[in-house]
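See structure below.
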Amino acid sequence: MKLAQQWEESATKRVTEAQARRVLSDIYEDIHGDKLASPAVKDFAAQWLARKEKEVSKVSYSAYKGAVEEFVRFIGDKANDPLHYITPAQVTAWRDKAAAKATARTANNKLKVVRVLFQSAWRDGLLTDNPAAKVTALRAESGTRRAFTLPELKSILANASTEWRGMILAGIYTGQRLKDIASLTWANVDLSEEQITLTTSKTGRRQVIPIAKPLRAYIEELSAGDNPAAPLFPSAYPQATRAGGIAMLSRQFHGILVAVGMAKARPANHGSAGKGRDAARETSAISFHSLRHTATSLLKRAGVSEAVARDLIGHESAEISRHYTHIDEETKRKAIAKLPNILTP
């Protein structure tokens with residue numbers, strides 16, 4: 001009779017599948033004295049992160065860890081509850097807070113991570129459905145980032161330190177991300193073959209990029225030494241290779257933009273601007289990542305095909321994927337040779 005009354009109450013309230021599981025857990029405990037196996041949210045999250053640390057790259061793991069730990073902090077005491085107590089409404093509230101603090105794009109990326117977390121719990125038989133999968137992504141505004149103009153690049157290079165001048169040239173003529181450029185060592189550079197070889201930190205893609213003449217001229221002025229593991233950019237390298245170090249490098253580049261009047265100085269903290277820690281970050285139309293857009297624009301302006309430009313920059317090309325096209329080294333060399341020399345009048 002007790003069991004029947006509990007089921008009737010559940011049906012009357014038209015409970016969700018998750019609530020029905022809670023009733024099952026209570027009934028199971030009444031009969032057997034133990035609860036159905038369902039780890040607490042924080043415990044499963046910790047186990048999942050420990051597993052992911054061995055499965056994915058350091059960059060991916062850092063993104064997973066940040067998103068999951070942020071979600072666990074957001075739900076507060078509910079992190080001690082079993083996994084099946086989490087509702088789509090809670091995930092939605094967290095998504096909205098993440099968007100208010102950063103951008104819709106950032107919030108959507110974090111939401112993807114939490115979806116994967118709960119999907120793993122579902123595959124392990126700990127959930128009957130995925131609450132995060134029921135939460136839709138936010139509409140992200142189109143990006144405002146743009147490429148630099150040639151006069152802007154000349155102004156930036158004229159006001160940059162020697163090392164930053166080299167990293168900016170590398171950004172223009174390779175189109176690679178700041179972290180990958182700052183992490184370059186002499187082992188990545190082959191002047192005899194006139195190419196730079198690296199594996200991107202974000203996608204793990206192996207890149208072989210011909211060295212443009214302006215970048216080669218800069219590299220030849222450096223003291224190579226006998227250690228191939230020595231960094232190409234000694235000051236930037238320690239920051240690029242430690243957790244969170246890329247943010248410091250980004251701020252340094254922003255300082256160069258401020259010096260040439262292309263950006264506004266940022267306040268030392270949110271409070272000095274009258275904003276709290278939860279205020280959304282202001283995004284700039286130009287940053288070091290804009291050099292990636294610049295490289296793409298210069299290649300296309302020089303008449304380089306989209307497939308070749310994508311291969312050089314490191315974007316996955318639908319054409320290459322569809323036809324398994326191999327972009328040969330000579331084609332890439334000819335493409336790089338078409339780029340303008342930013343160092344000449």
Problem - Some residue of the range 77-88 being among the aromatic types (Phe, Trp, Tyr) and farther than 30 Å from Ser201 by Cα - result: yes
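Residue-by-condition table, conditions (1) among the polar types (S, T, N, Q); (2) touching a Phe, Trp or Tyr at 6+ places or on another chain (Cβ under 7 Å); (3) part of a strand (DSSP E or B); (4) under 17 Å from Leu339 (Cα atoms):
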| residue | (1), (2), (3), (4) |
| --- | --- |
| Thr197 | yes, no, yes, no |
| Lys202 | no, no, no, no |
| Arg216 | no, no, no, yes |
| Leu222 | no, no, no, no |
Handout entry: Subset of the range 124-160 that is of a type in the set (Lys, Arg) and modelled with pLDDT of 90 or more - its residue that is surrounded by the fewest Cβ atoms within 10 Å (Cβ to Cβ)
Key = Lys134
Fill in the blank from the handout: From the option list Thr92, Thr87, single residue qualifying as closer than 18 Å to Arg139 by Cα, of a type in the set (Ser, Thr, Tyr) and at pLDDT 90 or above is Thr92
Handout entry: Close pairs from the range 212-232: first in contact (Cβ under 8 Å) with a residue 60 or more places away in the chain, partner hydroxyl-bearing (Ser, Thr, Tyr), Cβ under 6 Å, at least 6 apart
Key = Ala212/Tyr173
Handout entry: Yes/no for Arg146 being more than 27 Å from Arg51 (Cβ to Cβ) and either among the β-branched types (Val, Ile, Thr) or touching a residue at least 12 places away in the same chain (Cβ under 8 Å) (or both)
Key = yes
Handout entry: Set Ile320, Ile246: member being modelled with pLDDT under 90, in a helix (DSSP H, G or I) and under 19 Å from the mean Cα position of the chain (by Cα)
Key = Ile246
Problem - the range 181-204: number of residues that are within 24 Å of Val56 (Cα to Cα) and either in contact (Cβ under 8 Å) with a residue 24 or more places away in the chain or not assigned by TED's automatic domain parsing to the domain that holds Ser250 (or both) - result: 11
Exercise for the section: Determine whether the range 102-116 contains at least one residue that is assigned to a helix (DSSP H, G or I), among the small types (Gly, Ala, Ser) and at pLDDT below 90. Expected result: yes
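The values are calculated or read from the model by the stated rules, or taken from the named source; none is laboratory data. Just so we're clear, the structure is a prediction, and the values are computed from it rather than from any experiment. All Cβ positions, even for glycine, are placed from backbone atoms using ideal geometry, and neighbour counts span all protein chains on display.
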